[in-house]
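Read through the structure below, which is laid out as structure tokens, and then see the notes.
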Amino acid sequence: VRSSPDEPSAGAGTGVRMSITNSCTPSCTNTLTFGTGDGGTEAIDELYGEDIYTQTQRIARENNATVSQRCWAYFEPLNMDADIRFQDPDFAGMLRDIRSNLGDSTILYKVRFSAGSPACYPVTLCMDPNDFPAGSRVIVRDTLNGSKFSFNMREATLVGGGMRCITIQDANINSFIIEYTRGSTGSVATILANNWNFVSLPVIPPNPLAAVIFPNATGTPFGYAAN
């Protein structure tokens, strides 16, 4: 029996569904699902229908007689030691990745994909905002900390059916990171005018600059490093 992820409503959701579509004719689409739930882990959770996507399956896609249908996509674990099954030589990734709902920090998911060929770019990535819990944030960025692209999926281009979509133009890009921050309630400390105040970020924001997080602040904050 498959348990339901928390997205968009606790214990009764579908998870956040994401489609990755190339631009060849006919187009080729892969659908991945991520989110959180009771008992979710970084390992393979049969409870949530997670299973291995194999190298054999990927190779079969890559050898499809129709070039436009050679696309594939899967979640690649960030922690390869989380499950012994990740060490299987035939292991490539997972089509579903449900994590624990107990944390209050940003969850990172890595996606690897292939459009089938460079001629099948741009690639369109779409999500249904109805899958997003209230107060949550979903950022899609490149694997270089957002130096090439970073998109807030709540503000992505609105297309038919209410989907929010972005496009990846660069044929050299075959992976990206999803930064998922669940909706939560926080507290704001009182800032004392004439004393030291230390401020930390409990989650990864799309832009961590002090001027962005505290746009009405006066003066310049000090930053300290280990060295």
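The values are calculated or read from the model by the stated rules, or taken from the named source; none is laboratory data. This structure is a prediction, so every number in the text was calculated from the model and none was measured. Because the Cβ atoms are built from the backbone with ideal geometry, glycine has one as well, and the counts that use them run over all protein chains shown. These accessible areas exclude ligands, DNA and RNA; they are computed on the full protein's heavy atoms, side chains included. Shrake-Rupley method; radii C 1.70, N 1.55, O 1.52, S 1.80 Å.
Observations
- Residue-count net charge about Asp131 - beta-carbon cut-off 9 Å; Lys, Arg +1, Asp, Glu -1: -1
- Order of exposure, largest accessible area first, which applies to Arg96, Arg182 with probe 1.4 Å: Arg182, Arg96
- Gaussian network model of the chain, Cα within-10 Å springs - most flexible of Ala211, Ala119, Ala60: Ala211
- Probing with 1.4 Å while keeping every protein chain in the model, the per residue accessible area of the chain equals 57 Å².
- If R0 is taken as 35 Å, the Cβ-Cβ distance between Ala217 and Ser3 corresponds to a FRET efficiency of 0.20.
- Cα→Cβ-extended label distance, 7 Å offset, between Gln55 and Thr157, nm: 3.7 nm
- Computed accessible area, Arg58, all protein chains, 1.4 angstrom probe, square angstrom: 40 Å²
- Exposure ranking of Asp81, Asp6 by accessible area [1.4 Å probe, largest first]: Asp81, Asp6
- Taking label points 7 Å from Cα along the Cα-to-Cβ direction, Val203 and Thr41 give a separation of 2.6 nm.
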